[in-house]
Every structure is written in C-alpha cells, then in structure tokens.
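Below is one structure, written out as structure tokens; comments come after it.
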Amino acid sequence: ALLFAFSKNKENIRCLTTLGHFGFECLPTQLVNKSIQKGFSFNILCVGESGIGKSTLINTLFNTNLKESKSSHFYSKVGLKVKTFDLHERNIPLKLTVVKTVGYGDQISKEASYQPVVDYLDAQFELYLQEELKVHRSLVTYHDSRIHVCLYFITPTGHSLKSLDLLTLKNIDRRVNIVPLIAKADSLSKSDLQRFKHNIMSELVSNGIQIYQFPVDDEATAEVNTTMNCKEKKKSNMLLPFAVVGSMEEVKVGKRMVRGRHYPWGVLQVENENHCDFVRLRDLLLSANMEDLKDQTHTQHYECYRSSRLLKLGFNDTGPDNRPVSFQEMYEAKRQEFQVQCQREEEELKHSFMQRVKEKELTFKDAEKELQDKFEHLKRIQQEEILKLEEERRKLEEQIIEFYKTKTASETSQTQLYTSVKRD
Ligand code: GTP
C-alpha cells in the first residue's frame, strides 16, 4: 500500500511526501526482518595460556558477565571448553558460542598443545560437511558450530612470539580467521608495546602466517579496514596485533563511571583509545566485520576443508583426461574400484587363510609324529620291563622248587635218623 502524507511548505503549496517504501526496494527490509526473526549466531575461539585474560575480554566485549569457572593449570592435556550464550542487544538476538582453550601452554609437548585446537576446528567442518552431504538436510535449523574467528592471545613478554605461538598459528591459519591480540597490554610501556607489535608482525610475515584480512570492498568499512591491513605502517602507530585490556570493573573518573582497571598510579580506561586498542577491536570485530568473518569462514576456510576432504574421498570434478565427470560416472567408477578392491582383499584373505591352514597342518603332523615316537619308545621300555620281570619270576620259581626239594630231603633224613635212634 502506498502511504502518503500531506504537508505544507512555506509558500502554502501542498506537496506529497512518501512515508514508506514500496515495490522491490523493500527487499533489504524483508531481509533485515527475516534475519532478526531468525537471530544471529557467532562462534569465537579464544586461544591463549591459562589466566591470560580470555574470559575477562569476552565479558568486556559483550558487556555481560558470562559466568565461568576458573581453569586449572594442571591439566594433563589441552582441552576446549565450549559454552553457548543467548544474548540480546536492542532486541537483536545473538547466539554466541565461546570456545576457550584449557591448559594451553602448560604442556611439555608443543604438538600436544596445538593439535586439539586443530582437531576441534576440523571436527566442526566435518559436522557441517556431513550435514551437507545428507539426503534430507536440515541446514536451516542446523546449529553451525564452525568457528568464525580465533582471538589469539599473545603473552605480553615484550620480546617476540614464542615457538608455540608460531607453531599453533601456522597450523590453524588455513582453518580459521585469526585476529592476534596482545593480552594484558597494560603490563607494557608505550614504546615497548610498539616495538613488540612490530616484532610480532615481522615474525608473522617471515613465517608466512596468514591472519585475517579486513575487507576493503565495502564502502562503509573500506577506510578503517584498509588501515588495519596495512603491514608497513609507521612503527609509532601500528594497530595490529590489538593491544587489549579487559575489565568489567566500574571505576570513577572525574564525574563519570567508566570500565577500567584501577592502579595505585591511576586508572586505565578500557574504552579509551589512548589507553588500549579495545574499542578498535570491538568495532572491527562486532560492528564492522562480523558478517565478513562468517562469510570468510564459509567461502574460504570451509571450502578449503571441503575440497581437500572430497578429493581424499576420491571425488573429482574432472576425469584423468580433463573431461568433466558426472556424479553418476564417478559413483560407477568408485563402485567398480571398490569391487575390485574387495575381490583383491578377498583373494588375499583366502590365500593367507590357506597358508595358515597348511602351516597348522604341518605343525599338527609334526606333533602327531612326536607323540607316536614317544608312544613307541614308552611301549619298548614297557616290554623290556615285562621281559625282565618274567625272567625274575622264572628264577624265583626255580628257587622255590629248589627250596622245597631241599626241605623234603632234610625232612626224610631227619625221620630216618629218629627211627634208627629209637631202635637202638
Ligand atoms: P582461565 O579460564 O583460567 O584460562 O583464565 P582466562 O584466560 O579466562 O583469564 P581470566 O579472564 O579469568 O583472567 C585471569 C586474571 O587476569 C584475572 O584476575 C583478571 O582480573 C586478570 N586480567 C584479565 N584481563 C586483564 C588485563 O587486561 N590486564 C591485567 N592486568 N589483568 C587482567
């Protein structure tokens, strides 16, 4: 419907002013309304040592107290704490997922520190890929857990990156948008901080580590983003990595209450751009580039994972002769390849089974022969024993006969002697 309003100008001439939009110029409004109804989601990964200020910074960024328990320094391996929060800002709903490393940097093995992070990032891509490959997909209701940004908390040593930082960043830079931060930046002096920032950026460049490139194709954000991407900035006003300070504490400065950290020598205001880069980080991360971070995750990092995963599974867009291959052809080729492989494996199994049967038969035969030999040997010994006993019995019987003969003879001679004595 057309909405018009009548108004009078200075010369008292009536003119019509449109009050609303009409036609397809309303498309953006429709999109905005639909998006607000659907709600937004954002997934942040915080990588950094225990107690470096990850939770405090997330609380400061979203101006909420996201209740969390402190992590121990004595975990035997690195874990990831995943928490999802439903936030609202002026009726805009945001499903925020915060994934925090636990025990990072407390391990002796560096690989054991970064591998769980790499595995977690891949696992979220895999979940999304599995959903995409389903026949009955539910991507509209699917809770996308792919990480949109990784806030990498650098320990404020004032020197340069540690080898664990470089290893981790190198292993995750193709999987996630990295935004490096110098944590607890209030512990460094201004000149130390600039030198530190410079050293970090040089190290990232010399090690070929890709960090998030702020987009410059949108007029609204191009100017501020271009300054962020510039690597050759003057050493004195370098922005990246953001030097951040987190705090939920309200401190009185003059007549105002501000969020800051109170020290014996003064107050550090978290939202004062002269004190730290917190406001710049919040603006660039949440106000200007949240949608781009999500786009980059889908179009760059997920795409990279998806194509390498599908290639590994044997899918390809072209055949060996560079001819486009249809899904049906690919499926047939894969099926045949699989059948051949199955047959080969079956043959190998049969062969090894026969081999094992033969080997077992041989062992049984050997065992049987051994038993037979043993039996023969025992039988021979037994027969010899029987013969020996027979011989002894025969000898014994001869001795008994001899004994009886002697006994009869002695009895006869005794009787004769008795009779002759009586006669005399
Ligand atoms: P875990 O959950 O144990 O890994 O800790 P975390 O990295 O989430 O650190 P957390 O935010 O719990 O902060 C740990 C301590 O550091 C708290 O005492 C904070 O007050 C303090 N802290 C946080 N941010 C800053 C900061 O920017 N500067 C200073 N000086 N201290 C900070």
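The values are calculated or read from the model by the stated rules, or taken from the named source; none is laboratory data. Because the structure is predicted, anything quoted here is derived from the model rather than measured. Cβ: placed from backbone, ideal geometry, glycine included. Neighbour counts: every protein chain shown. We work out accessible area using only protein heavy atoms, side chains counted, and drop any ligands, DNA or RNA first. Shrake-Rupley method; radii C 1.70, N 1.55, O 1.52, S 1.80 Å.
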- line: Per GNM of the chain with C-alpha springs under 10 angstrom, the most fluctuating residue out of Cys150, Cys15, Cys276 is Cys15
- prompt: Per residue, how many Å² of accessible area does the chain show with a 1.4 Å probe?
  reply: 68 Å²
task: Among DSSP beta bridges lying fully in the chain, give the percent that are antiparallel, nearest 5.
output: 60 percent
task: Mind scanning Lys95/Lys197; Lys197/Lys294; Lys83/Lys294 and naming the pairs with a C-alpha gap bigger than 21 Å?
output: Lys95/Lys197; Lys197/Lys294
- request: Could you pull out every one of the lysines with an alpha carbon less than 16 Å from that of Lys77, ignoring same-chain neighbours closer than 8 positions?
  value: Lys100, Lys110
- prompt: HN-Hα J couplings of segment 109-126 from phi, Karplus 6.51/-1.76/1.60, θ = phi - 60°, integer Hz, Gly and Pro as x?
  reply: 7, 6, 4, 5, 7, 8, 4, x, 5, 4, 4, 5, 4, 5, 4, 5, 5, 5
task: Once you have the Cα-Cα distance between Val118 and Glu384, take 0.36 nm times their residue separation minus that, and quote the gain in nm to one decimal.
output: 87.8 nm
- request: Measure nothing but the geometry: give the 0 to 90° angle between the long axis through the Cα atoms of 163-172 and the longest principal axis through the Cα atoms of the chain, rounded to 10°.
  value: 80 degrees
- prompt: Equivalent-ellipsoid semi-axes (√(5λ), Cα gyration tensor) for the chain, whole Å, largest first?
  reply: 93, 35, 23
task: List, in order, the whole-Hz ³J(HN,Hα) value for each residue of segment 127-141 obtained from phi through the Karplus relation with A = 6.51, B = -1.76, C = 1.60 and θ = phi - 60°; use x for Gly and Pro.
output: 4, 5, 4, 4, 5, 5, 7, 5, 5, 9, 8, 10, 5, 5, 8
message: For segment 248-364, take every pair of Cα atoms, bin their distances at 5 Å starting from 0, and report each bin as a whole percent.
response: 2, 8, 8, 9, 7, 7, 6, 6, 6, 6, 5, 5, 6, 5, 5, 4, 3, 1, 1, 0
- prompt: How far, in nm, would the chain grow between His262 and Glu126 when pulled straight, counting 0.36 nm per residue and subtracting the alpha carbon separation?
  reply: 44.4 nm
Segment 70-136-segment 329-376 distance, computed between alpha-carbon centres (Å): 47 Å
query: Taking the Cα-to-Cβ direction at Phe338 and at Glu203 and moving 7 Å from each Cα, how far apart do the two end points lie in nm?
result: 4.8 nm
statement: Here FRET efficiency (C-beta to C-beta, Glu273 to Val135, R₀ 51 Å, nearest 0.05) is 0.45
- prompt: Say a site is exposed when it is one of the chymotrypsin sites (Phe, Trp or Tyr not before Pro), sits in a DSSP loop, and has at most 11 other Cβ atoms within 10 Å; what is then the longest site-free stretch of the chain?
  reply: 75-264
query: So what are the ³J(HN,Hα) numbers for segment 326-332, from phi and the Karplus equation (6.51, -1.76, 1.60; θ = phi - 60°), rounded to whole Hz, Gly and Pro as x?
result: 7, 4, 4, 4, 4, 5, 4
message: Report, in listed order, any pair from Lys162/Lys184; Lys38/Lys312; Lys34/Lys81 with a Cα-Cα distance greater than 25 Å.
response: Lys38/Lys312; Lys34/Lys81
message: Using a 7 Å offset from the Cα along the Cα-to-Cβ direction at both Val251 and Lys358, what is the distance between the two label points in nm, to one decimal?
response: 8.4 nm
task: Round to the nearest 10 and give me the degree value, 0 to 90, for the angle of helix 303-312's Cα axis relative to the longest principal axis of the chain.
output: 30 degrees
- request: Could you size up the charge dipole of the chain around its Cα centre, putting +1 on the beta carbon of Lys and Arg and -1 on that of Asp and Glu, and report it in debye to the nearest 20?
  value: 1780 debye
field: For Asn177, residues with placed amide H under 5 Å, excluding near neighbours
entry: Cys150
- request: Note the count of lysine pairs whose C-alpha atoms are less than 30 angstrom apart in segment 357-424, limited to pairs 8 or more residues apart or on different chains.
  value: 18
field: Gain upon complete extension [Asn171, Thr412; 0.36 nm per residue less C-alpha separation]
entry: 74.6 nm
statement: In Å, the Kirkwood estimate of hydrodynamic radius for segment 282-424 over Cα pairs equals 27.2 Å
- prompt: Carbon-plus-sulfur fraction of the accessible area of segment 257-304, 1.4 Å probe, in percent?
  reply: 48 percent
- prompt: Projected onto the charge dipole of the chain (+1 at Lys/Arg Cβ, -1 at Asp/Glu Cβ, origin at the Cα centre), which of Phe364, Leu349, Thr64 gives the Cα projection farthest towards the positive end?
  reply: Thr64
task: Give the range of the longest stretch in the chain that excludes all trypsin sites (Lys or Arg not before Pro) found in loop regions by DSSP and having at most 14 other beta-carbon atoms within 10 Å.
output: 256-424
- prompt: Considering only DSSP states other than H, G, I, E and B, which GluC sites (Glu not before Pro) in segment 59-144 qualify as loop sites with at most 16 other Cβ atoms within 10 Å?
  reply: Glu68
field: Size of charge dipole - segment 95-144 - debye, nearest 20, with Cβ of Lys, Arg +1 and Asp, Glu -1, no other charges
entry: 200 debye
